[in-house]
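Down below is the structure, laid out as structure tokens.
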Amino acid sequence: MEDYLVRIMAKEAGVRGLACVTTELTNEAIRRHEAQGAVSIGLARGLASAALMGALLKVQQRVALKFEGGGLLKKMVVESNSYGKVRGYATPIAEHGAISSPANMMDLFSPNGLLTVVKDVRLKELYQGIVPLISGEVDSDLAHYLNQSEQTPSLVELDQHLGEDGRMVVAGGLLIQALPGNEALNLDTYVNRLDDLPPLATLLADGKTPEEVLAFVFSGEEYELLEVRPLYFECSCSWARSEQALLLLGRAEIESLIEEQEAVVDCHFCHQRYIFDAAALELLLEKL
Ligand SMILES: [Zn+2]
């Protein structure tokens, strides 16, 4: 199944539902970061979170989520735009050695930490919201942020199944949220329906589509299909941006890099490496 996200609206109930499958883009992130264990699982959950948040944006807007904690992962930054493009990286606490899978999803960040959400909504100022992590397992932390900071009753479920070979077998996410103007809505009905369903990863592994997952969650309700959007891992880094970063260092710094014969610009988000040899650095000096 290709990665995609489905967004529906149950107008009468005052609720929207989003479901996505993110297996391929997670595997692309795992491949680029040579991730394993907790890093792979963190990326699966983080990238699905970003995809869900990205689907709530308006045209040209962007969102970044930063999780910081003291569990198996020290930090994770995931980003999405309004066109289904996601990217992200996760840093384990232990820099070296094998990174084990979490026995419990709470071990990912442990409950001690922060979730920072930054939105570029094309205004002068960035919008920023910060909440303490309440569980460290990503999905309930994102729901807590949406409930507290955005004051929108929300449920988030993220799930994944990491194969023995280190590749993600399935990954995906689900967001149930009150529509604007329904801030007092109680989502217990949906909590119960989710409890009655098999875990999301089981549904996806059984070949259920995001549309079918939402049909289960909204069974017996009238709803409208608003959007089906493809999702993919894509980074916005480039040779030109790396050049800009080097130019900011200034003449003296570039001259000393020329003496060292090369400069390497490594992208955190996708591990693309931009190598500037002495000749390329000389060209930069001319541009200054
Ligand atoms: Zn990149």
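The values are calculated or read from the model by the stated rules, or taken from the named source; none is laboratory data. Given the structure is predicted, the values throughout are model-derived calculations rather than measurements. Every residue, glycine among them, receives a Cβ derived from its backbone with ideal geometry; neighbour counts consider all protein chains shown. What goes into the accessible areas is simple: the full protein's heavy atoms, side chains included, and nothing from ligands, DNA or RNA. Shrake-Rupley method; radii C 1.70, N 1.55, O 1.52, S 1.80 Å.
Under the condition of being closer than 17 Å to Gly113 by Cα and either charged (D, E, K, R) or modelled with pLDDT under 95 (or both), the residues counted in the range 56-72 number 6.
Can you pull out the residues in the range 147-168 that are more than 21 Å from Thr26 (Cβ to Cβ) and either out of contact with any helix residue (DSSP H, G or I) (no Cβ under 9 Å at 6 or more places or on another chain) or at pLDDT below 95 (or both)?
Step one: list which residues in the range 147-168 are more than 21 Å from Thr26 (Cβ to Cβ), which gives 147-155.
Asn147, Gln148, Ser149, Glu150, Gln151 - these are the residues of the range 147-168 that are more than 21 Å from Thr26 (Cβ to Cβ) and either out of contact with any helix residue (DSSP H, G or I) (no Cβ under 9 Å at 6 or more places or on another chain) or at pLDDT below 95 (or both).
In the range 273-282, of all residues being under 14 Å from Ala245 (Cβ atoms) and more than 10 Å from the ligand (Cβ to nearest atom), the one that is surrounded by the fewest Cβ atoms within 10 Å (Cβ to Cβ) corresponds to Ile275.
Against the conditions (1) open to solvent by 10 Å² or more (accessible area, probe 1.4 Å); (2) away from the ligand (no atom under 16 Å from the Cβ); (3) part of a helix (DSSP H, G or I), Ser40 satisfies every one except (1). Restricting attention to the range 244-272, and to residues there that are of a type in the set (Asp, Glu) and touching a strand residue (DSSP E or B) at 6+ places or on another chain (Cβ under 8 Å), which single residue is nearest to the ligand (Cβ to nearest atom)? Selected residue: Asp266.
Here's the yes/no breakdown for (1) under 25 Å from Val78 (Cβ atoms); (2) within 16 Å of the ligand (Cβ to nearest atom); (3) without any contact (Cβ under 8 Å) to a residue 24 or more places away in the chain; (4) of a type outside the set (Asp, Glu):
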| residue | (1), (2), (3), (4) |
| --- | --- |
| Ser149 | yes, no, no, yes |
| Asp159 | yes, no, no, no |
| Gly163 | yes, no, yes, yes |
| Leu175 | yes, no, no, yes |
| Glu212 | no, no, yes, no |
| Phe218 | no, no, no, yes |
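The set of residues in the range 130-153 being open to solvent by 50 Å² or more (accessible area, probe 1.4 Å), in a loop (DSSP other than H, G, I, E, B) and of a type in the set (S, T, N, Q) consists of Gln151 alone.
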